[in-house]
1. For the chain, what does the relative contact order come out to in percent, with C-alpha contacts under 8 Å and a separation of six or more?
2. Where the eigenvalues come from the Cα gyration tensor of the chain, what are the semi-axes √(5λ) of the equivalent ellipsoid, largest first, in whole Å?
3. Suppose the chain between LYS100 and VAL35 were pulled fully straight at 0.36 nm per residue; how much longer would it get relative to their current alpha carbon spacing?
4. When ligands, DNA and RNA are left out and all protein chains stay put, how many square angstrom of accessible area per residue does the chain have with a 1.4 Å probe?
5. How would you order 19-30, 53-64, 136-147 from highest to lowest mean count of nearby Cβ atoms within 10 Å?
6. Looking at the P(r) of the range 1-62, how many percent of alpha-carbon pairs lie beyond 17 Å?
7. With Cβ to Cβ distances under 13 Å as the rule, what net charge do the other residues near ASN102 carry (K, R +1; D, E -1)?
8. Would you mind telling me which residue in GLY169, GLY111, GLY125 has the biggest mean-square fluctuation in a Gaussian network model of the chain, where springs connect alpha carbons within a distance under 10 angstrom?
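The values are calculated or read from the model by the stated rules, or taken from the named source; none is laboratory data. Everything numeric in this text was worked out from a predicted model, so none of it was measured. Cβ sites come from the backbone with ideal geometry, for glycine too, and all protein chains shown count toward neighbours. Quick note on the areas: whole protein, heavy atoms, side chains included, nothing else; ligands and nucleic acids left out. Shrake-Rupley method; radii C 1.70, N 1.55, O 1.52, S 1.80 Å.
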Amino acid sequence: MNLYLRYFDRETLVYTVDEAIDFLSAIEEIGMNPVLENDIRDYAASDVFYPKRYKIRPRVYFIIIKTEAATMQDFKEKKAVHPTLANGGRDRSASPAIVKLNEVKYGWYEGVIDFKRVLLVPGTGKFQYRDTHFVARVKAESGIDCYNRIVEHLQERVDERSQFPSAKGKNFKFYYLGQAK
């Protein structure tokens, strides 16, 4: 995995983390230190492919992008920015959580949702958002179907201003309990 680095008009494509650190150390304004060096090494070793930017001072950053490009020309032509598959196509696989959410498996599900519920405060007559934890067991075809049934049920029973989280987020969990009869 190669790294593309840019700071204003200074840019380079390097093949190792040490080369990246040498490039950044040569730029006095960046102020390379052990903490920054360790963070860059962690980013290069991780499975994360999105670009990373580091703040130097207000509104001033440098960026690092992981790439498979062998030359600067390849990178500029947007070749091999993301890892490619053996068949030449790009890796567009969904995350395991989304795959699990959409997996069709008819049966009983237990869905757990944490949402912001609008409630009337009796003493003041004003409304406020309250974090609400809700658990339900439903018959569904998939995790997303379970989510939709729970949200549909809640929308009929709570204030319309209540806010529901995304099914893909950390505030919704579901468990497959078994086949429905």
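1. 18 percent
2. 46, 25, 13
3. 19.7 nm
4. Value for the chain: 67 Å² per residue.
5. Top of the packing list down: 136-147, 19-30, 53-64.
6. The proportion of pairs with Cα distances above 17 Å equals 34 percent.
7. So the environment of ASN102 carries a net charge of 0.
8. Comparing GLY169, GLY111, GLY125 in the GNM, the peak value goes to GLY125.
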